[in-house]
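Shown next, in structure tokens, is the structure this report addresses.
The values are calculated or read from the model by the stated rules, or taken from the named source; none is laboratory data. From a predicted model like this one, the values you see are computed outputs, not experimental measurements. Methodologically, a virtual Cβ is constructed for each residue, glycine included, from the backbone with ideal geometry; neighbour enumeration extends over all protein chains shown. The accessibility values were calculated without ligands, DNA or RNA, using every heavy atom of the protein model including side chains. Shrake-Rupley method; radii C 1.70, N 1.55, O 1.52, S 1.80 Å.
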Protein chains: 4
Amino acid sequence: MISDWSLQRVESLSDGVFAVAMTLLLALEPAVPRSITDFAAHPTFGDVLQLLPHFRGVAASFFVTSAFWIGHHRLFRLLVRGDLALVWMNFLLLFGIAIEPITTNLLGGLERPMVVLYAANFVFVSAVLFGMWAYALIGRRLVEPSISTRYVRAVLFRAAIPPILFLVSIPISLYSTTIAILIWLLVFPIGFSMAQREPSAISRQS
Amino acid sequence: MISDWSLQRVESLSDGVFAVAMTLLLALEPAVPRSITDFAAHPTFGDVLQLLPHFRGVAASFFVTSAFWIGHHRLFRLLVRGDLALVWMNFLLLFGIAIEPITTNLLGGLERPMVVLYAANFVFVSAVLFGMWAYALIGRRLVEPSISTRYVRAVLFRAAIPPILFLVSIPISLYSTTIAILIWLLVFPIGFSMAQREPSAISRQS
Amino acid sequence: MISDWSLQRVESLSDGVFAVAMTLLLALEPAVPRSITDFAAHPTFGDVLQLLPHFRGVAASFFVTSAFWIGHHRLFRLLVRGDLALVWMNFLLLFGIAIEPITTNLLGGLERPMVVLYAANFVFVSAVLFGMWAYALIGRRLVEPSISTRYVRAVLFRAAIPPILFLVSIPISLYSTTIAILIWLLVFPIGFSMAQREPSAISRQS
Amino acid sequence: MISDWSLQRVESLSDGVFAVAMTLLLALEPAVPRSITDFAAHPTFGDVLQLLPHFRGVAASFFVTSAFWIGHHRLFRLLVRGDLALVWMNFLLLFGIAIEPITTNLLGGLERPMVVLYAANFVFVSAVLFGMWAYALIGRRLVEPSISTRYVRAVLFRAAIPPILFLVSIPISLYSTTIAILIWLLVFPIGFSMAQREPSAISRQS
């Protein structure tokens, strides 16, 4: 059955938005001096070391976004057709990715309201991704009918974890932004174990 | 019959321009403070709430552009060959998409002349897209000859609606910019119903 | 015969650079006010009309770049394999495309030295593209051996015209920048007639 | 055997990051005046000649990045499947590429601490690329089992040269930044000879 939608183009547009957002994360970081002229006439090694913490925040966002790209990739790998609702959910997801450079830069000095805004950005992205998994898998709407119910349950259970973690981090950040950030970092090991344990379902050929 | 034109590359370039423009919409928004340093030493939740309306305009442009990408996708999905005229019309369309980040940011406070400029941007984009549909379908120039006249009429009728709506919004904006903006939002439900009702014609395989 | 090089990836990278450069042409244009705040409290329609000439230069560069993309596309459409030298020439070409946003913005008020710099940018791009055509076609190095000598001569003759036109425009610009710019615009009709007359040689399948 | 991973999408995302980073190298260069307004009312040819050295640094980074793209391309050309570890190493590589526009611009006046930072950036990128080669080839983890041990040794030996050269340049730069930069330039001829001598192993079809 031929889909009315070219999943390849949806992937190609998505890869473009991911690539631009991930590169702009760094390019837009305002705290990193852009030019040697921002320094004293002769910058010291101390000046360079002082630059490094500025890269910490963007590095974190870069790799969290990478984790979402991997989730996006795993979803689309499983799809055998697309539809209009999926494409619109995908645009919602891309919107969440495209605003990341801004929320990341606002995160800056880890002021509490900015931590909440940043967490809200990722609640949005991960909730939309969960919604896409649920939409595609429930009733095997966009995937092979032969995929087992056990597989669907396992995938949905795991896709629900990131939005819950990011959501829980919001009230927690009111008490401690440090604990909130540690919770975000849990998304990585969970994502890894998720990817390891999933039975490889029927895949589209590359 | 092998086309002299690789439609896949035209799509790939187009997806690139769409992806960059959609991400720059947000990155270029000058009203959103880029750094924590733009705030008082300790920003409050009130400061964060004041940021949200700045995202309203770019969000609207992001999703209107998404709607145009869907239209572009539906058109190319139907094409079985390309030609030089189609490629140049496509560059005109991409030019209209590439200037959107600028007209969107100028839109800002909804001053009347900026509303007109913004509407003019989208009259241009949607009129070029209509022209591409007409060029490809009339005489079945770039599509399967088996596509029915009924289908062609339905598609062209619907593709004519967005340029008309955006055009009509210009004189109306002289009286009320609010009504003009409400007219723009009509493009979405019409686009949806358009996508639902169209018989799926012969499609290229993904 | 399988090439060691994936032409599809070379095309994909090239499309990315073209797409980003074409979109940045507009985003980097410093003369276009980015925000309503650059205007008086209530901008007039006169203010909007004054914006339009700023788009003239970037529009010209956008469509000249489009013409080069078409040339790039036509070349790669004909290739049946790649090699390291071709890939490096392609990077030279992409460098010329990537610096266009800067030379375009410098072009601004059509000051003579900036006209020369802009012309030099396009001498470079079009000369590299000519070099790629010559490298690929002579001795049928990267194309089907069945391509006729008559076709090769016709293509190389036409690919030589843009670098010659841009080169000739440099000394002419010392007398009149207007005539120099008119010479640049000749690239378009010549490109069109070029595309129309060329016999369609053996093409790779989409 | 079908891989769980679409190598094509990993390549597509990577090409996007490379393309954006290479174009932003130039767009972010702060020392290049963006507009004619940065000059005196009538810029002279001397003003234009003074611009050219600003392009030297970004041109060097552009072509060093090109060399890394070629290395990335050669690696992926050989892969017959991907896995999660490879994808994460690829994100590390892309992070190194994405921060290049910043380290390149900081390089500016060749102050010693900035030369070290720049070299460290490329130690990182080339060491990750070496790690990807080793991971993919050792035990023929992600490549055809028929690839000879002699080929694997030759490739790994050559992939180890760039990180060693960049690493060695760091202590040397403490004595002479000029010699350090000359060492970087050695990456090019070595990369060329590398590409020439390698036996063409079994390749994926384009």
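Worth pointing out:
- Tally, over the stretch B:175-184, of residues that are over 13 Å from B:ALA120 (Cβ atoms) and touching a residue at least 24 places away in the same chain (Cβ under 8 Å): 2
- Scan the stretch A:169-206 for residues that are assigned to a helix (DSSP H, G or I), loosely packed, with under 15 Cβ neighbours inside 10 Å and at pLDDT 85 or above and the total you get is 6.
- Annotation: D:HIS54 fulfils all but one of (1) in a loop (DSSP other than H, G, I, E, B); (2) modelled with pLDDT under 75; the unmet one is (1).
- Flag if D:MET114 is within 14 Å of another protein chain (Cβ to nearest Cβ) and open to solvent by less than 20 Å² (accessible area, probe 1.4 Å): yes
- Exactly one residue out of B:VAL87, B:VAL125 is away from chain C (no Cβ under 11 Å), of a type in the set (Val, Ile, Thr) and in a helix (DSSP H, G or I), and it is B:VAL125.
- For the stretch C:1-51, residues that are within 10 Å of chain D (Cβ to nearest Cβ), at pLDDT below 80 and not in a helix (DSSP H, G or I) total 7.
- Residue list for the stretch D:149-167, filter: in contact (Cβ under 8 Å) with a residue 12 or more places away in the chain and loosely packed, with under 15 Cβ neighbours inside 10 Å: D:LEU156
- Filter pass, B:LEU106 being among the hydrophobic types (A, V, I, L, M, F, W, C), outside any helix (DSSP H, G or I) and more than 15 Å from the chain's Cα centre (by Cα): no
- Residue within the stretch A:54-65 that is within 30 Å of D:ALA119 (Cα to Cα), more than 14 Å from the chain's Cα centre (by Cα) and open to solvent by less than 40 Å² (accessible area, probe 1.4 Å) present: yes
- Conditions (1) without any contact (Cβ under 8 Å) to a residue 40 or more places away in the chain; (2) closer than 28 Å to A:VAL58 by Cα: number failed by D:GLU100: (1)
- Residue check, C:ARG81 part of a helix (DSSP H, G or I), within 27 Å of B:GLN8 (Cα to Cα) and open to solvent by 20 Å² or more (accessible area, probe 1.4 Å): no
- Here D:ARG141 meets the list (1) out of contact with any helix residue (DSSP H, G or I) (no Cβ under 8 Å at 6 or more places or on another chain); (2) modelled with pLDDT of 85 or more; (3) open to solvent by 30 Å² or more (accessible area, probe 1.4 Å) almost entirely, failing just condition (1).
- In the condition set (1) open to solvent by 10 Å² or more (accessible area, probe 1.4 Å); (2) within 11 Å of chain D (Cβ to nearest Cβ); (3) modelled with pLDDT of 90 or more, C:LEU107 is compliant with all but (3).
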